[in-house]
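The values are calculated or read from the model by the stated rules, or taken from the named source; none is laboratory data. Just so you know, these numbers come straight off a predicted model, no measurement behind them. So basically every Cβ, Gly included, is an ideal-geometry build from the backbone, and we count neighbours across all protein chains shown. Accessible surface is based on the protein model in full, side chains and every heavy atom, while ligands, DNA and RNA are left aside. Shrake-Rupley method; radii C 1.70, N 1.55, O 1.52, S 1.80 Å.
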Amino acid sequence: MHPGSLVGLAGLPAGAIERLLDRAEAWLAAWERGSLAPVLFGRSVALWFAEPSTRTRVSFEQAASLLGARAIVIGERGTSLEKGETLADTAATLQATGVDAVVVRHAASGVPEQLAHAVRIPVLNAGDGTHEHPTQGLLDALTVRCAFGRVAGLRVAIVGDVLHSRVARSTTWALAALGAHVVLCGPPTLVPAALAQALPAEVEQDLHRALQGADVVMALRLQKERMAAAYLPSEEEYRALWGITAERLQWARPHALFLHPGPSNRGVEVESDVHDGPRSLVRQQVRHGVAVRMAVLERALGEGAAAWPS
Ligand code: CP
């Protein structure tokens with residue numbers, strides 16, 4: 001696997017995560033003062049999104065463009081996979097066209113890792129099935145770090161469909177590595193107690209107890225497209241028992257902030273007054289996503305730290 005590949009955050013040391021967040025913060029500052037350096041000029045990146053996306057796809061495209069690289073977007077339909085070509089042959093074909101890296105989103109867990117072993121160029125995971133979404137985990141960690149000046153010692157409650165959420169996994173890996181206490185909460189069918197053995201997190205099925213003392217509350221969408229069975233009686237019941245309302249946000253600490261990785265289903269996992277309210281960092285998360293993807297592309301493709309913004 002190319003050392004610039006990023007297929008997941010599980011096991012990534014805190015130092016490596018901090019370094020990526022530092023680079024993202026530097027790129028964010030350079031972007032805001034209009035002094036970005038086109039350090040990836042002349043490079044090209046294939047963005048292969050075999051599953052729907054708005055934030056991740058556009059922000060990778062924007063990040064590549066802001067650093068001077070060309071992004072070639074390949075959508076859900078229209079590749080030769082539809083004619084029977086294998087994933088490995090598709091990846092090898094992309095490599096043979098001369099692209100310098102492949103960003104991939106896929107409904108099947110493990111596809112980015114499989115591709116990373118099939119090619120010699122960096123492969124960046126833009127979300128695979130229920131496995132990981134590493135750039136989302138990094139942007140969530142960056143958003144928390146920017147808001148509080150640190151991650152260590154914070155209590156972060158992640159509420160919702162953890163079972164099907166690659167975001168919950170990557171964000172938990174990132175925040176826990178940086179010293180946060182992560183609490184996973186939701187219906188027992190979607191947050192089984194056994195998750196506490198698989199992730200560096202506490203499982204707390206009582207919403208009030210999960211939110212008490214929380215510095216950050218993150219709501220997750222119900223991923224109906226990944227549910228092979230009925231996990232809930234209804235969305236109305238979910239909203240009534242687990243939805244984040246302004247009243248429930250009061251159970252957290254007075255300064256607590258709200259995150260959502262998106263896309264959001266308003267009126268299900270979160271009410272609009274919380275989603276759009278003064279404690280919401282939802283739009284900052286998206287902006288930080290561009291900066292994180294600049295850092296990840298730079299790590300994958302960049303040469304010469306002298307060109308990095310200070
Ligand atoms: N958070 C996230 O992955 O959003 P998109 O599906 O819009 O990329």
Can you give me the distance in nm between label points at Thr245 and Arg19, each placed 7 Å from the Cα along the Cα-to-Cβ direction?
4.8
So the carbon and sulfur contribution to the accessible area of the chain, 1.4 Å probe, in percent, is 52
Out of all DSSP beta bridges with both ends in the chain, state the antiparallel percent to the nearest 5.
5
Gaussian network model of the chain, Cα springs within a sub-10 Å range: biggest mean-square fluctuation belongs to which of Ala108, Ala46, Ala210?
Ala108
With the Cα gyration tensor of region 1-151 giving a ≥ b ≥ c as the square roots of its eigenvalues, does the rule (a/c under 1.5 for rounded; else a/b larger than b/c for prolate; else oblate) give rounded, prolate or oblate?
prolate
Against the longest principal axis of the chain, how steep is helix 55-66, in degrees 0 to 90 to the nearest 10, with axes from Cα atoms?
40
Of the candidates Val119, Val156, Val103, which one comes out as most mobile in a Gaussian network treatment of the chain with C-alpha springs shorter than 10 Å?
Val119
Can you give the translational diffusion coefficient of region 10-77 in µm²/s, computed by Stokes-Einstein from the Kirkwood radius over Cα pairs at 10 °C and 1.306 mPa s?
117
Work out Dmax and Rg for the chain from the C-alpha atoms and quote the Rg first, both in angstrom.
19.1, 57
Please state the relative contact order of region 195-310 as a whole percent: Cα pairs under 8 Å, 6+ residues apart?
26
Glu82 versus Glu236, label points 7 Å from Cα toward the beta carbon: distance in nm?
4.0
Angle check, please: helix 282-301 long axis (alpha carbons) against the longest principal axis of the chain (alpha carbons), in degrees 0 to 90, nearest 10.
30
Sequence-separation-based contact order of the chain, relative, with Cα cut under 8 Å and 6+ spacing, percent:
22
At what distance in angstrom do the alpha carbon centres of region 183-247 and region 91-135 lie from each other?
29
Please give me the summed charge of the neighbours of Pro134: other residues whose Cβ is under 13 Å from its Cβ, Lys and Arg +1, Asp and Glu -1.
+1
Pair Ile72, His117: separation of 7 Å Cα→Cβ label points (nm)
2.6
Please work out whether region 154-300 counts as rounded, prolate or oblate from its C-alpha gyration tensor, where a ≥ b ≥ c are the square roots of the eigenvalues and a/c under 1.5 means rounded, while otherwise a/b larger than b/c means prolate and anything else oblate?
rounded
Of the residues Ala291, Ala246, Ala230, which exhibits the maximal mean-square fluctuation in a Gaussian network model of the chain defined by a 10 Å Cα contact cut-off?
Ala230
Decide, for region 222-290, between rounded, prolate and oblate: order the square roots of the alpha carbon gyration tensor eigenvalues as a ≥ b ≥ c, take rounded if a/c falls under 1.5, and otherwise choose prolate if a/b is larger than b/c, else oblate.
oblate
Under a 1.4 Å probe, what is the accessible area of the chain per residue, stated in Å²?
40
